[in-house]
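Peer 1: One structure follows; several queries about it will come next.
The values are calculated or read from the model by the stated rules, or taken from the named source; none is laboratory data. None of these values were measured; they are calculated from a predicted model. When we count neighbours, we look across all protein chains shown, and the Cβ atoms used for this are built from the backbone with ideal geometry, even at glycine.
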Amino acid sequence: MTTVTPREARRCYNAHHPVHAAYYFAPEHDAHYARLGLAPGPMAYLAGRAAPLGPCTPGVVSAAFYTFHPALVARLLPQAWRAAPPERILRTRLDIVDACLTRLLGPQAVRSAEMAEAAELALAAAEACAHPGRPLATANADLPTPAPAHLALWHATTLLREHRGAGHISALMSAELDGLEALVTHTATGTSWRPAFLQRTRGWSVQEWADARARLCEKGLLGADGDLTDRGTELRRALEADTDRLDAAPYRHLGPARTARLTELATAFTKVVLAGGGMPLRDIGRT
């Protein structure tokens with residue numbers, strides 16, 4: 001009996017993730033949330049992503065998000081809940097996704113048979129998302145599946161994204177990396193965000209970032225130049241392998257043929273999203 005390999009599962013995730021992530025970078029994101037009284041940037045991001053949890057405390061959100069400075073969350077989140085209740089934020093979130101994906105993909109694509117098929121496959125994969133220890137995935141799974149198909153696809157990719165993210169946090173905790181150390185080692189791979197972008201959006205100061213680098217040097221994970229040591233490189237490789245292992249269930253449930261088909265469909269949509277500037281990679285430092 002054939003099964004989906006970790007490489008195939010990750011390829012599928014990488015194919016559909018930009019369709020989900022474009023929402024965070026869309027001009028509609030800050031514009032729509034601003035009408036609710038949410039400040040652009042971290043406040044809008046925190047409120048929109050945390051809204052499925054309900055009007056919970058900042059500590060709960062800091063724990064679930066892991067890499068955000070608790071002081072930033074404690075300052076912004078109570079203001080967000082006072083500006084708009086989570087139920088209203090969730091309705092606005094779907095309006096943003098509708099506007100964003102329709103603009104990037106075009107009205108014909110969001111109504112296409114390929115979109116409906118991709119949504120069906122992604123929802124089927126999400127059926128196997130494990131819930132224990134994954135609060136954001138679970139909270140989103142408790143929401144009704146929206147219609148039409150492009151909103152259903154985004155909902156499914158949100159479940160898959162939060163499922164993988166929680167597994168990654170588990171791997172980070174097992175490796176005894178705190179949230180800031182996770183960010184620093186991730187940027188040190190040279191294939192991720194710029195430190196300045198993460199400091200600004202996650203609420204960490206330059207000094208806190210430097211202190212984390214010093215701790216990582218003491219652990220033998222970073223060199224004096226800030227690059228990963230051989231030990232640090234191996235740790236990051238192991239983290240990704242652990243994340244793949246903890247994220248395998250949705251794609252095993254889908255099976256090889258349907259995983260390959262979802263990868264094919266999502267890749268086509270992602271190419272259009274990226275060509276339309278849906279992920280501003282130069283601004284955030286992705287290479």
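Peer 1: Which residue out of ALA126, ALA130 is more than 18 Å from TYR66 (Cα to Cα), crowded, with 19+ Cβ neighbours inside 10 Å and touching a residue at least 40 places away in the same chain (Cβ under 8 Å)?
Peer 2: Residue meeting the stated conditions: ALA126.
For every residue, the table says whether it meets (1) within 23 Å of THR187 (Cβ to Cβ); (2) in contact (Cβ under 8 Å) with a residue 24 or more places away in the chain; (3) surrounded by fewer than 16 Cβ atoms within 10 Å (Cβ to Cβ).
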{"site": "GLY54", "(1), (2), (3)": "no, yes, yes"}
{"site": "THR57", "(1), (2), (3)": "no, no, yes"}
{"site": "VAL73", "(1), (2), (3)": "yes, yes, no"}
{"site": "ALA84", "(1), (2), (3)": "no, yes, no"}
{"site": "VAL97", "(1), (2), (3)": "no, yes, no"}
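Yes/no matrix, rows are residues, columns are (1) surrounded by fewer than 17 Cβ atoms within 10 Å (Cβ to Cβ); (2) more than 15 Å from the chain's Cα centre (by Cα):
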{"site": "THR2", "(1), (2)": "yes, yes"}
{"site": "PRO6", "(1), (2)": "yes, yes"}
{"site": "PRO18", "(1), (2)": "no, no"}
{"site": "ALA22", "(1), (2)": "no, no"}
{"site": "HIS32", "(1), (2)": "no, yes"}
{"site": "LEU46", "(1), (2)": "no, no"}
{"site": "ALA50", "(1), (2)": "no, no"}
{"site": "PHE68", "(1), (2)": "no, no"}
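Peer 1: Additional query: Answer with yes or no whether ASP283 is part of a helix (DSSP H, G or I) and either at pLDDT below 95 or in contact with a His (Cβ under 8 Å, 6 or more places away or on another chain) (or both).
Peer 2: yes
Peer 1: Just a yes or no: is a residue in segment 258-278 farther than 27 Å from ALA26 by Cβ, of a type outside the set (Phe, Trp, Tyr) and in contact with a Cys (Cβ under 7 Å, 6 or more places away or on another chain)?
Peer 2: Among the residues of segment 258-278, at least one is farther than 27 Å from ALA26 by Cβ, of a type outside the set (Phe, Trp, Tyr) and in contact with a Cys (Cβ under 7 Å, 6 or more places away or on another chain), which makes the answer yes.
Peer 1: Oh, and also: So, of the residues in segment 189-203 that are touching a Pro at 6+ places or on another chain (Cβ under 9 Å) and surrounded by 14 or more Cβ atoms within 10 Å (Cβ to Cβ), which turns out to be modelled with the lowest pLDDT?
Peer 2: Top of the filtered list is THR201.
Peer 1: Moving on. Would you pick out the residues in segment 242-260 that are within 16 Å of GLY165 (Cβ to Cβ) and out of contact with any Leu (no Cβ under 7 Å at 6 or more places or on another chain)?
Peer 2: Result: ASP242, THR243, ASP244, ARG245, LEU246, ASP247, ALA248, ALA249, TYR251.
Peer 1: If you go through segment 213-226 one residue at a time, do you hit one that is modelled with pLDDT of 95 or more and within 30 Å of ALA130 (Cα to Cα)?
Peer 2: Looking through segment 213-226, none of the residues is modelled with pLDDT of 95 or more and within 30 Å of ALA130 (Cα to Cα).
Peer 1: Here is a further query. Does segment 188-195 contain any residue that is touching a strand residue (DSSP E or B) at 6+ places or on another chain (Cβ under 7 Å) and under 27 Å from VAL73 (Cα atoms)?
Peer 2: Yes, segment 188-195 contains at least one residue that is touching a strand residue (DSSP E or B) at 6+ places or on another chain (Cβ under 7 Å) and under 27 Å from VAL73 (Cα atoms).
Peer 1: Let me ask you something else. When you go through ARG75, ARG82, ARG164, ARG93 one by one, which is the residue that is assigned to a helix (DSSP H, G or I) and under 25 Å from LEU246 (Cβ atoms)?
Peer 2: None of the other options fit; the residue is ARG164.
Peer 1: With the condition kept exactly as written, say whether any residue in segment 264-271 is assigned to a loop (DSSP other than H, G, I, E, B) and buried (at least 20 other Cβ atoms within 10 Å of the Cβ).
Peer 2: The answer is no, given that none of the residues of segment 264-271 is assigned to a loop (DSSP other than H, G, I, E, B) and buried (at least 20 other Cβ atoms within 10 Å of the Cβ).
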